[in-house]
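Contents: one structure, followed by commentary.
Derivation of every value follows stated rules applied to the coordinates shown; laboratory data play no part. Given the structure is predicted, the values throughout are model-derived calculations rather than measurements. Backbone-built Cβ (ideal geometry, glycine too); neighbour counts: all protein chains shown.
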Amino acid sequence: MILVIAEQRDGKLNRATWETIAAAQQLAGGMPIKVAVLGAATAAVAQEVASAAVAEVLVAEHAALEPYTPDAYAFASRSLIESASPTYVLLPHTYQTRDFAPLLAARLRKPLITDVTAISGTGTDAAFVRPMFQGKLAAQVKPVGGPPAIVTMQIGAFRADAAQKGGSAAVRKVDIQIDPGAVRQKPEAPFREAKQAVDLGQAERIVAVGRGIKSQENIPLAEKLAKAMDAEVAASRPICDNGWLPMERQIGSSGQTVAPKLYVALGISGAIQHLVGMKGSRTIVAINKDAEAPIFEVADYGIVGDLFEIAPALITELEKS
Amino acid sequence: MKIAVCIKQVPTREWQPRLNDSKTWIREQDVSYEMNEPDAYALEEALRLREKHGGEVVVCSAGPARVQTVIREALARGADRAIHVEHDSLGAADAFVIAEALAAAMKDEKFDLVLTGLQSDDQGHGQTGVILAERLGMPSSTIIMDVQVDPSTGSGQVAALRVKRELEGGWFQWIAMPLPALLTIQSGINQLRYATLKGIMAAKKKEIRKASLPDGLQPAQQIVGLAVPTRSKQTQMIDGSPAAAAKELVQRLREEARAL
Ligand SMILES: Cc1cc2nc3c(=O)[nH]c(=O)nc-3n(C[C@H](O)[C@H](O)[C@H](O)COP(=O)(O)OP(=O)(O)OC[C@H]3O[C@@H](n4cnc5c(N)ncnc54)[C@H](O)[C@@H]3O)c2cc1C
Ligand SMILES: Nc1ncnc2c1ncn2[C@@H]1O[C@H](COP(=O)(O)O)[C@@H](O)[C@H]1O
């Protein structure tokens, strides 16, 4: 049996759950799939996932599960797993999963394979593909010492719309005990920091600059190119971390998600956390001195070369007409 | 406050991958190494906390003899001493083995706060810190962008620690928790300082305690194959001199992609 742990916040299902259900259906090879929903009020989310082609939806409701804490989630999912005895436990590789899945694995003393982009084979013979070395290499890994093996799916690696729907799976409540005193984290309400003065989501064209730009003094080069293309300037995370551009211009999982007509990546390596924020762009151009940089995997047009030569040449060319 | 920082030595960002003969690991002879990026931020955060609250900063690293280089670098940046769990097999070990190895070497030190990076740049499990926390019996919080310690509440008191956790899409959340605790630090939490000549000289005299790898640690996963990833898109590569490439790209963006 495969147990998918759904992710919800404030009674709203995280769409990445559907990607994980699609992955589970691919992995299953005849094994039944169950989806677990954890939270304080889960009825709507349980109904929503019950439309998937799965055997059953398990609901673990407890006041201590809202708001989310790693201690309460690790506790609840551990008791679910111990009673359901799955072969695999699948989750989307979200920040929440990053926070509690290793704790769950440590307590169960069972393998955890994270950030999986593909599955080869099905059932107990499956191997999982995950990036290593910043996406420069892809590793095929197998869990050792399961079952269960806990596996987390990279966001966007499986298609949510590929998840098969099957009418209505039975929803079953599962009793769980959580000692609120054993929950050591006390979360406050989530908040947003960056003033969203620029909405890059509306930009038609974006020139995004990465660490290849070397220093703050060179940022104007990117700005000049953006101007010549009638584009907004954006950046990878390290550029914003350094304060070379404001955080509101950061693209990626912890910044903005954009899908402009044109996205020019200037000296950006193409880490997955950056790609999730821009790979929906219609046309992607990558300029990078490293021909093996992962950014070329999503690019429509690529130039391998020194951005300090290419960008000025582009500006000259654009200003000609 | 007694603070531990876990630091991994990883291949540099410029390193071009080359595989070993069995294609299950990299050719280590070719690699040049550096400090894992978020770990450098974790170290900086520890040094700042020591400046504010006093105490000591202890660097903990598991790996072959080569990891001494990053240990010395951390000592040169200001850490007080180090623990090195040394074994050749630790260079390619998984998160479970590393966490167990570190826990065994760290548990008697009774640290108030343990900082790790949120993820390693080589294997990228994003697990080691949290597993280590569990083995040390500490609560954890991950992807941290600010750390506030209230020294008045002291050890074991609720709300001794208040941390800012990063959520997706530009959201954050403050979380209070007791000490001792383990935090996994996100890059960009602070501005890094680099070693001074004085620091480098001082580091030579600082203690590095060697710890041995406990027997019988079991890996939780096995790499059965390693390869350069396959491309999902057909990228049209544009060659030529910068001027020629620029000309062709602009033309194609205008006429083919209609993006300009
Ligand atoms: C939880 C989490 C969340 C994250 N969120 C985000 C996020 O929202 N957004 C984000 O961007 N990152 C995010 N990251 C960080 C991400 O993993 C990468 O570290 C980051 O995207 C790398 O930025 P970069 O490509 O600019 O730098 P690098 O990876 O250092 O790449 C620099 C590139 O520039 C090239 N280059 C160097 N010199 C030149 C030159 N002269 N000419 C041309 N090319 C050159 C190099 O070949 C290299 O490919 C996150 C990480 C984690 C773990
Ligand atoms: N061999 C190691 N020695 C010391 N710390 C490590 C080691 N491996 C991982 N870590 C720590 O655990 C964090 C997460 O690593 P990982 O789970 O591999 O992504 C790193 O940022 C380090 O702080």
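Quick notes on this structure:
- Its Cα centre serving as origin, segment A:1-137 has a Cβ charge dipole (Lys and Arg +1, Asp and Glu -1) of approximately 380 debye.
- Per DSSP, loop trypsin sites (Lys or Arg not before Pro) in segment A:93-177 with at most 12 further Cβ within 10 Å: A:109, A:159
- R0 of 22 Å, Cβ-Cβ distance residue B:12-residue A:242: FRET efficiency to nearest 0.05: 0.75
- Applying the Karplus relation 6.51 cos²θ - 1.76 cosθ + 1.60 with θ = phi - 60° to segment B:198-203 yields 3J(HN,Hα) values of 4, x, 5, 5, 4, 4 Hz, where x marks Gly and Pro.
- The residue among B:171, B:90, A:69 whose Cα reaches farthest toward the positive pole of the charge dipole of the protein assembly as shown, with charges on the beta-carbon of Lys, Arg, Asp and Glu, is B:90.
- Rounded tilt (10° steps) of A:307-320 against the dominant C-alpha axis of chain A: 60
- Estimated [θ] at 222 nm from DSSP helical runs (n ≥ 4, -39500 (n - 2.57)) normalised by residues in chain A, nearest 500: -7500 deg cm²/dmol
- The angle between the Cα long axis of helix B:68-77 and the longest principal axis of the Cα atoms of chain B comes to about 70 degrees, rounded to the nearest 10.
- Neighbour net charge for residue B:217 - beta-carbon separation under 11 angstrom, K R +1, D E -1: -3
- Structural descriptor for segment A:1-132: relative contact order 27 percent, calculated from alpha carbon pairs under 8 angstrom and at least 6 residues apart.
- Normalised by the number of residues in segment B:106-260, the mean separation of alpha-carbon contacts (under 8 Å, six or more apart) gives a relative contact order of 19 percent.
- Those chymotrypsin sites (Phe, Trp or Tyr not before Pro) in segment B:14-57 that DSSP places in a loop and that have at most 16 other beta carbons within 10 Å: B:25
- Simple label model, 7 Å out from Cα along Cβ direction - residue B:146 to residue A:217, nm: 3.3
- Helix A:16-28 and the longest principal axis of the C-alpha atoms of chain A enclose an angle of approximately 60°.
- Taking every alpha-carbon pair under 8 Å whose residues sit at least 6 apart, chain A reaches a relative contact order of 16 percent.
- Most mobile listed residue (A:243, A:11, A:277) in chain A, GNM with C-alpha springs under 10 Å: A:243
- Under 12 Å, Cβ to Cβ, from residue B:252 - net charge with Lys/Arg +1 and Asp/Glu -1: -2
- Residue B:236 paired with residue B:204, simple spin-label distance in nm, labels 7 Å along Cα-to-beta-carbon: 5.9
- Kirkwood Rh in Å, taken over chain B so that all alpha-carbon pairs contribute: 20.3
- Using θ = phi - 60° in the Karplus curve 6.51 cos²θ - 1.76 cosθ + 1.60, the 3J(HN,Hα) couplings for segment A:64-73 round to 6, 8, 10, x, 4, 9, x, 4, 5, 5 Hz; x is entered for Gly and Pro.
- Most mobile listed residue (A:20, A:97, A:122) in chain A, GNM with C-alpha springs under 10 Å: A:122
- Within segment A:99-137: backbone nitrogen closer than 15 Å to the residue A:78 label point (7 Å, Cα to C-beta): A:100-111
- Residues residue A:51 and residue A:26, FRET efficiency given R0 of 22 Å [Cβ-Cβ distance, rounded to 0.05]: 0.75
- Per residue convex hull volume, Cα atoms of the protein assembly as shown, in Å³: 154
- Here each label is just a point 7 Å from Cα along the line to Cβ, and for residue B:215 and residue A:40 those points are 5.1 nm apart.
- Scattering curve values for segment A:228-279, log₁₀ I(q)/I(0), Debye with Cα scatterers, q = 0.16, 0.18, 0.21, 0.24 Å⁻¹: -0.41, -0.52, -0.71, -0.93
- Residue exposure sequence - A:51, B:120, B:32, A:168 - by fewest surrounding Cβ within 10 Å: B:32, A:168, A:51, B:120
- Cα gyration tensor category, rounded, prolate or oblate, for chain A with a/c compared to 1.5: prolate
- Environment charge of residue B:34, counting only residues whose C-beta is closer than 9 Å and scoring Lys/Arg +1, Asp/Glu -1: -2
- Residues of type lysines that residue A:136 reaches as a straight line, Cα spacing below 18 Å, ignoring anything fewer than 8 places off in the same chain: A:279, A:289, B:23, B:233
- 10 Å Cβ neighbours from other chains, averaged over peptide A:234-240: 1
- Computed [θ] at 222 nm, deg cm²/dmol, chain B (DSSP H ≥ 4; -39,500 (n - 2.57); rounded to nearest 500): -8000 deg cm²/dmol
- Comparing B:12, B:128, B:196 in a Gaussian network model of chain B where C-alpha atoms under 10 Å apart are linked, the largest mean-square fluctuation is found at B:196.
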